[in-house]
Amino acid sequence: MSLVKSISGIRGTIGGRVGEGLNPVDIVRFTAAYATQRRAAMPNNNTIVVGRDARLSGQMVDHIVCGTLMGMGYDVVNIGLATTPTTELAVTGEKAAGGIILTASHNPKQWNALKLLNEHGEFLNDAEGKEVLAIAEREDFTFSQVDELGHMTSKDYLPYHIQQVLNLDLVHPQAIAEQDFTVAVDCVNSVGGLAIPAVLKALGVKHIIELNCEPTGHFAHNPEPLPQHLTQISDLLKSGKADVGFVVDPDVDRLAIICENGDMFGEEYTLVSVADYVLSHTPGNTCSNLSSTRALRDVTRAHGGEYSASAVGEVNVVAEMKRTKAVIGGEGNGGVIYPAAHYGRDALVGIGLFLSCLAEKQCKVSALRATFPNYAISKNRIDLKPEMNVDAVLTRIENVFRAQKDCQITTVDGVKIDFPQGWVHLRKSNTEPIIRVYSEAATMDEANALAQQVIKLV
């Protein structure tokens, strides 16, 4: 059994002994630690929002988290089965001190997690996350006396979330309705099954083909929206039954798109296509993480904006977006962050913007995909030996390529080497004894060759 502690929360497999898996004792410890940190940060705010995906363990975890928060003197707004972005919006909607999202995102069904939000509905920063971990380690928290216990109310925030999407200036339901799209969706038996058909109907889509939309927690396939897991919806699109397919992960912050011919649009290109549409109407800067496609940089420069890259992780992307005043950003895993909505990856916002773009251009999805620079990303790994000094290895790689005139080196998160024809990014995994090696070039063969050039040096 596994328990992984990080600045953004804890995740683990359900069950096991204390400290080994995600079990009731550890759930109480980390929830109480989070409540203690929030009390210090927001001493006059007594409300915390809790939302969860449809995992089999969700109800159990939800009861423990909400009970613990009430035991710490907090009033809980429980929004029940809800997407991650819905929970983020509920925090600001309730003017709460923070929020806890109960989801292990794309991990298999035996996993669950507590993802921790600040008062802005954004993930805790590095200092805040470390403080929660330290409080949990010391068990430095005090539960409330009987007259100071909190209370719980239940609310449904999905209508609010959908209305926020409809209120966006660049989302055009009437134009979408006029195109009379047929849309297929695969929601992998989680909360997307509640949210995605509902937002599509609100956007004017009358013909929706629903796959795996019952929120049972029994995932019909591996829940990470990668091509090898999406054969069911791809085959449906190949049969000519829909104009576009949308796939989300269990907590609905990632969006994958399927072309009308069954081809993958490419998770990296979800953000690229939405950014191109946004920039065509509101020129400005963009941001993604260092392991995301160069196509976003190309599209941004074509619109006269500046592109910047952050360390991997949503909290880092958001910080860089705020620093550069980016009008659109996100991550290459299908995560669209649109500040006009909120600073969080949001598949509902992504769908609203993408369908508005498609309605405006009045073209097939495959034709839209063909308008963007085409790159291929290769994902490799180096298994580490116990005696390896990872920092020394990365420094050696950095020094080798820094001496070459045609390379640009970035070291904010591992080492990224930008060549004229592509890039390679090496970073130590936070959860496994490996170095992740991502590379990108015009073709997969070229991307693999770039990766092997660097891996041989290790």
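Bear in mind that the values in this text are calculations on the coordinates, not laboratory data. Note that this is a predicted model, so its numbers are computed, not measured. All Cβ positions, glycine included, derive from the backbone under ideal geometry; neighbour counts span all protein chains shown.
Some notes on this structure:
- By the helix-only formula, in which each DSSP H run with n ≥ 4 contributes -39500 (n - 2.57) and the sum is divided by residues, the chain has a 222 nm mean residue ellipticity of -11500 deg cm²/dmol.
- For the range 132-206 versus the range 407-425, the gap between their alpha-carbon centres in whole angstrom: 36 Å
- Rounded to 5, the percent of DSSP beta bridges in the chain classed as antiparallel: 60 percent
- Straight-distance candidates among the lysines for linking to Lys241, with alpha-carbon spacing under 25 Å and chain neighbours fewer than 8 residues away dropped: Lys201, Lys206, Lys361, Lys364.
- Computed FRET value (nearest 0.05) for Leu168 with Leu226, which takes r as the C-beta separation and R₀ as 30 Å: 0.60
- Residues of the range 69-94 with an amide N closer than 18 Å to a point placed 7 Å from the Cα of Ser144 along the Cα-to-Cβ direction: 69-79, 94.
- Peptides ranked, highest mean first, by Cβ atoms within 10 Å: ranges 354-363, 234-243, 260-269, 86-95: 86-95, 260-269, 354-363, 234-243
- In nm, spacing of pseudo-spin labels at Ala175 and Ile409 (7 Å Cα→C-beta vector): 4.6 nm
- Spatially close lysines, pair count over the range 3-156: Cα under 21 Å, gap of eight or more or interchain: 7
- Over all other residues within a Cβ to Cβ distance under 15 Å of Ile27, the charged ones net out to +3, with Lys and Arg as +1 and Asp and Glu as -1.
- Potential lengthening between Ala340 and Asp445 on full extension [0.36 nm per residue; Cα-Cα distance subtracted]: 33.9 nm
- Proximal aspartates and glutamates to Lys428, defined as alpha-carbon separation beneath 20 angstrom and excluding residues fewer than eight positions away on the same chain: Asp126, Glu314, Glu331, Asp383, Glu387, Asp391, Glu398, Asp413, Asp418, Glu440
- Sorting the segments 397-409, 433-445 by their mean number of nearby beta carbons within 10 angstrom, highest to lowest, gives 433-445, 397-409.
- Reachable aspartates and glutamates from Lys325, criterion Cα separation under 15 angstrom, eight or more residues apart if same chain: Glu306
- Of the residues Ile209, Ile233, Ile48, the one with the fewest other Cβ atoms within 10 Å heads the list, and the complete ranking is Ile209, Ile233, Ile48.
- Dimensions in Å of the chain - Rg and Dmax from alpha carbons: 22.0, 69
- Between Arg381 and Leu457, the contour length at 0.36 nm per residue exceeds the Cα-Cα span by 26.0 nm.
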